[in-house]
Amino acid sequence: MPDVPTPPALPALEAEVEYAEVARTETERGELVLRQRREGDGPTVLELRANGVFVMDTREVGSERALATAALAVVEDPRAVVVGGLGLGFTLREVLTDPRVERAAVVEIEQSLVDWMRDGTVPHGPTLLADERVTVVVADVAAALEEARPASYDLVLLDVDNGPGYLVHDENAAIYRTPFLRTAARALRPGGAVVVWSAQESPALERAMTEALGGCETRPHPVLLQDREETYWLYLARATA
């Protein structure tokens with residue numbers, strides 16, 4: 001009997017992606033949307049978008065956690081921490097796992113996002129914000145740090161959008177420049193650190209942090225984002241004594 005050729009394998013069908021809106025608000029900075037994403041039979045993922053731009057989701061949170069762990073590892077006694085940008089809370093949650101942390105102030109400009117975390121629209125939010133060490137400040141992080149007392153914090157973590165190369169709001173460009181970073185440095189105790197998250201490598205940010213704090217360490221962080229291999233970046237600088 002003659003050999004029958006094996007038919008070519010059919011390409012795998014991509015899982016159908018379903019979206020459902022969970023919450024939406026309009027602010028003076030534009031539209032903020034929280035929605036669910038489900039890929040085939042996979043788990044439901046919460047996704048945050050600002051003015052149509054993807055900000056973060058609950059599937060890939062490694063870089064948000066890395067922002068906290070990298071910072072906590074370089075400061076001997078991180079009793080007081082500022083987190084710039086609440087997001088979906090994963091940086092803050094990682095900060096709170098460290099028993100050395102006595103106070104964690106999270107600065108978030110969008111009241112609606114804070115409300116969604118508090119009222120359970122984001123399911124893990126109420127427990128996270130109920131931690132007695134947490135203080136939520138609804139404000140621009142630039143204004144909040146300008147008003148902070150000198151030498152009052154051990155860590156300043158900045159994750160307010162997608163970094164200097166992918167701004168969610170144009171006004172956030174100032175956060176990645178030398179004047180603001182000097183403001184952040186003034187809020188640090190000796191030996192404290194500023195750590196900034198970015199979706200893209202940014203030599204300009206590295207230079208600005210070096211000018212403001214006297215040095216900067218750049219750390220790539222590989223991630224798998226919706227089945228795409230990406231590299232995010234952490235910029236870390238310590239305050240001098």
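The values are calculated or read from the model by the stated rules, or taken from the named source; none is laboratory data. On a predicted model such as this, the values are computed, not experimentally measured, just so you know. Cβ placement follows ideal geometry from the backbone for every residue including glycine, while neighbour counts extend to all protein chains displayed. Surface accessibility is based on the protein's heavy atoms, side chains included, excluding ligands, DNA and RNA. Shrake-Rupley method; radii C 1.70, N 1.55, O 1.52, S 1.80 Å.
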Next item on the list: Could you work out the relative contact order of the stretch 29-92, using alpha carbon pairs under 8 angstrom and six or more residues apart, expressed as a whole percent?
Entry: 24 percent
Notebook entry, point to check: For residue 126, what is the net charge nearby, where nearby means another residue's Cβ is under 15 Å from its Cβ and Lys, Arg count +1, Asp, Glu -1?
Noted result: -2
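By average Cβ neighbour count within 10 Å, what is the ranking of 204-215, 153-164 from highest down?
Working: 204-215: 18.2, 153-164: 24.8.
Peptide ranking by packing, descending: 153-164, 204-215.
How many Å² of accessible area per residue for the stretch 132-241, probe 1.4 Å? Intermediate values should be presented prior to the final figure.
Details: 5420 Å² over 110 residues.
For the stretch 132-241, the solvent-accessible area averages 49 Å² per residue.
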Notebook entry, point to check: Taking the highest mean first, how do the peptides 49-57, 83-91, 124-132 order by number of other beta carbon atoms within 10 angstrom per residue?
Noted result: 83-91, 49-57, 124-132
Notebook entry, point to check: By its C-alpha gyration tensor, with a ≥ b ≥ c as the square roots of the eigenvalues, how is the stretch 61-179 shaped: rounded for a/c under 1.5, else prolate for a/b larger than b/c, else oblate?
Noted result: rounded
Check: With Cβ to Cβ distances under 13 Å as the rule, what net charge do the other residues near residue 73 carry (K, R +1; D, E -1)?
Finding: -2
Notebook entry, point to check: Carbon and sulfur: what percent of the stretch 98-238's accessible surface (1.4 Å probe)?
Noted result: 48 percent
Notebook entry, point to check: Which of these values of semi-axes √(5λ) of the Cα gyration tensor in Å was calculated from the structure shown: (1) 25, 23, 19; (2) 28, 20, 18; (3) 36, 22, 17?
Noted result: (3)
Item checked: Mean-position separation - Cα centroids, the stretch 104-132 and the stretch 196-241, in angstrom -> 26 Å
Margin query: Restricted to Cα positions, what overall size does the stretch 141-216 have along the principal axes? Three whole-Å values, descending.
Written below: 31, 24, 17
